[in-house]
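Visitor: Structure incoming, see below.
The values are calculated or read from the model by the stated rules, or taken from the named source; none is laboratory data. In this text, all values refer to a predicted model and were calculated from it rather than measured experimentally. Cβ atoms come from the backbone with ideal geometry, glycine included; neighbour counts cover every protein chain shown. Note: areas computed on protein heavy atoms with side chains; ligands, DNA, RNA excluded. Shrake-Rupley method; radii C 1.70, N 1.55, O 1.52, S 1.80 Å.
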Amino acid sequence: MSRKFAKTNKQAEILDIILKRVDNGLECTINDIAENLSYSCSKQALLFSLRILEEHGMIVKERGINNWIPMRLKPTTRAYETVRIAPIGFEEE
């Protein structure tokens, strides 16, 4: 997507939670995000923010094979480029 992404503080916090969980080798679900937010919000508000992040190429959603397996969220390379200078463990020579 060629549009510049001007993220809000709340979107930045959500993205940071996703990045930290994935960097630590953990899966990330909507419930994981909701439990770690510094503010309270409805599930619909969180889903709206996730939709915006997905539309801007910051995350991808992996749906479970059935209703019992929750949707997993994964950051894209663009998310790392936007939030951090480089992914953890990356060293320039």
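Visitor: For residues that are of a type in the set (Val, Ile, Thr) and open to solvent by 30 Å² or more (accessible area, probe 1.4 Å), tally how many sit in region 18-36.
Guide: So the answer is 1.
Visitor: Could you go through region 37-46 and let me know if any residue there is of a type in the set (D, E, K, R) and surrounded by 12 or more Cβ atoms within 10 Å (Cβ to Cβ).
Guide: no
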